Each structure stands twice: as C-alpha cells, then as structure tokens.
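One structure below.
What follows draws every value from the coordinates through simple rules; no lab data is involved. None of the values given here were measured: they were computed from a predicted structure. Here Cβ is always computed from backbone atoms with ideal geometry, including for glycine, and neighbour counts include all displayed protein chains.
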2 protein chains.
Amino acid sequence: MPSTIPDIVISRLPVYLRALERLSQEGQEVTSSHELGKHLGISSAQIRKDLSHFGGFGKQGTGYKIAYLKDQLRQVLKVERDWQVALVGAGDLGSAVARYRGFAERGFHITYVFDSAPEKIGKRVGSFVIRPVDEITQIISENSIKIAMIAVPAENAQQVADTLVSAGVRAILNYAPINLNVPDSVHVQYIDPVLHLQRMTYYLT
Amino acid sequence: MPSTIPDIVISRLPVYLRALERLSQEGQEVTSSHELGKHLGISSAQIRKDLSHFGGFGKQGTGYKIAYLKDQLRQVLKVERDWQVALVGAGDLGSAVARYRGFAERGFHITYVFDSAPEKIGKRVGSFVIRPVDEITQIISENSIKIAMIAVPAENAQQVADTLVSAGVRAILNYAPINLNVPDSVHVQYIDPVLHLQRMTYYLT
DNA sequence: CATTGGATGTGTCATCTTTCACAAAGTGAA
DNA sequence: TTCACTTTGTGAAAGATGACACATCCAATG
C-alpha cells in the first residue's frame, strides 16, 4: 500500500461502501466490479484500480464477498468505530442537522450542540441541550472531539472555525455558504445545495 | 468560447460567484485573480484560465470589476433568472429543505411539494400545501418544471426519479443516500453529508 | 510623454487520472 | 482432468487537468 493515495480515490470509497451496504441489506453476498460499476455509473476498471490501492480484496473468477469488502473499506476509512461530533449553530439549519437520524445510524454521534443566542441556551433541540459557544473550547478539548459541523450564518463561520481548530478539531463539515481558511492539518468539506443547483442550470437550455 | 467546456470548470463557477457576492456585499468593487484565489484556496492561474473559457472579463493591470463579473457568471450559469423547483418528500428531511430560505434567496423557488403519505396530503410545510405524488406528472409537465429535489427514503428514490424524468425534469438534486440511474440527458447531483464525514475520517489518526 | 508596476490571458509543459487490455487465477461442467 | 467462462489486479497508454511563465496591456505618476 503506497504511502500516499490520491484524495480522489479516497472520495470514492464512501460511495462504494454505501452501495455495498445497500446490496448486503438486499441479501446479496457477492458482487463484481462490473456490477458495482453499473449501479454507480463508474467503470469497472476504476473500481478495481481504486480498491487495489489497499490490497487484493477480490477473487478472480468470483468477484468480491460483500461482507468482507465492506469491513475492509470501513477499516480503511476508519468508520468501523463510532465518532463524536460537535455541532455549532442551533438555528433552522442547525436544528434540522441535529434532528437528522442519518448521522448516528452511520456512526457519527452528535454529542454537543452550541449556539451563541442567550435565549436558546439550556433549551433542547432533539435530545440535546444547547450550550453557549463560550464553552466550545473547554468541552471539545476535554472530550477530545475531532469532528465538528458548522451551521451558523456565513458572517460567523470563520470565527467559529478558528475556535474549533484551536480547541483541537481536525475535520469540519461546513454548512455555511462561505469558504473557510484553516491550517493544512485541518480538513474541511462543504455542503451548499445551491452550488449543486447552479452547476446543473448551466446545462439547461 | 469552445463548444464544450470541462464540467470541472463549470463546477467551480458557482464557487467563484458565491465569493464575488460576498465581496460585493462587503462593499468591494474590484478584485483580482490573486485575491480571489487566496480567499478560496485556489491558484490564481486556475481562476484566470477558468474564466477565460467564457471570454475576457478582466482588465490587465486592474483586475475584475466585481459587479460585471458577477453578472457575467450569472448569465453563463443561467442563474440571472429565477427557477421553479419541485420537492418530493415531506418527512423530516424534506420539511427542513422546504423551510430552508437559502434556495429562494438565490433564485431557486420551491413551488410544489409532494409526498406519498395520505395523512400528510393537504397539510402545510412552511408555506406549501403538500400534494399527493400521483399529481407529480401532471403538475410538473403543465408547469414545465425542469428542476426537482428528492428527499424520500432511499427505497423509493429511484422510482420517484423515474417519474420525475418522464414528467420532463432535467436536473435532480438527490438527498437520498443512493445512486440514481437516469438517462444521460438528465443531470443529477447528490447531497449526503455522511459521505463527506467518511472522507475526512480517513485522514484522522 | 515615458516609465514603472501590476494583472490578465494563454501557449506550453508537467502532473494527475482514467481507460485499455491482458496474464493469472478461480469455477463449474462434462 | 480438461475446457469454457468469468473476473481480478495491473502495467502501459491515453486523456484530462493544473501549474508555469511570459508577452501584452492598462493605470498611475512624475
């Protein structure tokens, strides 16, 4: 396994994992790069090459055992364990994120929710008590939380990110429609549905 | 302007546009590829080359007039107009999407919301009346709606997509955690925050 | 007016990514 | 066993994307 694997390869692994989970839920036990590729709209060669970065998971003539490949991918992605996640922002967007069950179902447990509005502190969103942003640094570092989600207005997102980073967060999922500047050692991913829509309208006549 | 511009270039234009809107909101009137690149973590050469696909928007020695570049990008992306969008699914996720103000603010107006649950029909989510999925085909084709968002359980997403496509939808934003198979003439973008988280955990020690 | 400084647009080159194509290996049937 | 068929893993080729570097142009200043 080479020391550095292209990020674009890494970005496809969760897609493969998701498809495998679906197949296994449907009771299927074995699949092939060709079948997977057909489901995902990806060439079979690409799937094989991507997987080959991490070792030979398949068997010639047979394909891949779904349960085994799933386990291997989970380990590669480090999602065979559970992760604690902090959420900053309990407005419309933040509340929706807090209530979304899909995170915990797939191993990402929101354990703290922060907001800056004094009138929200102590109230609940879903099953979480809202805490003041002043406590971010202490709580995150004490609990060694490495992943955070930002769902605050764009104006405040950079400042929140700075606080999170200095508290020890290493991965940020940013729902605010703004680019964040963080050290190279911190990973950021963005969710902005409007960007996706704008990308598609280009192709509409 | 070449007849076919790489999709990866198109995918960056909304990011540029978002940054320009931010700068102009802050009162700035002129920027440069260098400054933009610094904000976005992209090389200045790449920004210049991307923009050059569509003509010379800047002036040597000066840079880009923000208002003008914004207008041009909006036209290129076809977001200088408003778009009608249909939403399918009024569960937890769909309701949150329906209530999110960011779509209308940026020109994407949800005009119809559909759900399959009989007990939800006629009720409201935000300012929308929930309609039965049986009416999708008729309403979408009568109103020439070209863009739809899917926020139904993964099990039903493909079927919903098929219906939308046959009704004339040409662009789909899919919140369901599953890949959709659609004709080449239809564009699909995916929103699955867990995929982004899983991509980042790979890099966490 | 001439000169200096700064920023674009772009040809060229380097790097990254995907596809191709095939040897090697496993399966199942006769 | 042998044969026909399937599918992986992987070098090598092709293709796509990004970085470099500079000629060209514009603005501002003395």
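See the values below:
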| read-out | value |
| --- | --- |
| For the range B:43-60, 3J(HN,Hα) per residue [Karplus equation, 6.51 cos²θ - 1.76 cosθ + 1.60, θ = phi - 60°, Hz, x = Gly/Pro] | 5, 5, 4, 5, 4, 4, 5, 4, 5, 5, 4, 10, x, x, 8, x, 10, 4 |
| Residue-averaged beta-carbon neighbours from other chains (10 angstrom radius) around A:9-22 | 4 |
| Normalised alpha carbon radius of gyration of the range A:149-205 [divisor 2.2 N^0.38 Å] | 1.31 |
| Computed over the range B:44-119, Kirkwood Rh from alpha-carbon pairs, angstrom | 15.4 |
| The protein assembly as shown pair-distance distribution - Cα-Cα, 10 Å bins, rounded % | 4, 20, 28, 29, 16, 2, 0 |
| Kirkwood hydrodynamic radius over Cα pairs of chain B, then Stokes diffusion coefficient at 10 °C and 1.306 mPa s, in µm²/s | 83 |
| Alpha carbon Rg of the range A:1-98, scaled by the compact-globule rule 2.2 N^0.38 Å | 1.27 |
| Karplus (6.51, -1.76, 1.60) ³J(HN,Hα), θ = phi - 60°, over the range B:144-150, in Hz, Gly and Pro reported as x | 6, 6, 10, 10, 9, 10, 10 |
| Residue among B:Ala19, B:Ala157, B:Ala45 with the largest mean-square fluctuation in a Gaussian network model of chain B, springs linking Cα atoms under 10 Å | B:Ala45 |
| For the range B:139-179, projected area of the alpha-carbon convex hull averaged over all directions, nm² | 2.6 |
| Simple Cβ-charge dipole of the protein assembly as shown, Lys/Arg +1 and Asp/Glu -1, about Cα centre, in debye nearest 20 | 480 |
| Area projected by the alpha carbon convex hull of the range A:27-81, averaged over all directions, nm² | 4.0 |
| GNM flexibility winner over chain B from B:Leu93, B:Leu69, B:Leu40 (Cα, springs under 10 Å) | B:Leu40 |
| Under DSSP loop assignment and at most 14 Cβ neighbours within 10 Å, longest trypsin sites (Lys or Arg not before Pro)-free interval of chain A | A:124-205 |
| Positive-end residue, the range A:32-178 charge dipole about Cα centroid, Cβ charges, pick of A:His53, A:Phe114, A:Gln84 | A:His53 |
| 16 Å tail of the calculated P(r), the range B:81-166, as % of Cα pairs | 47 |
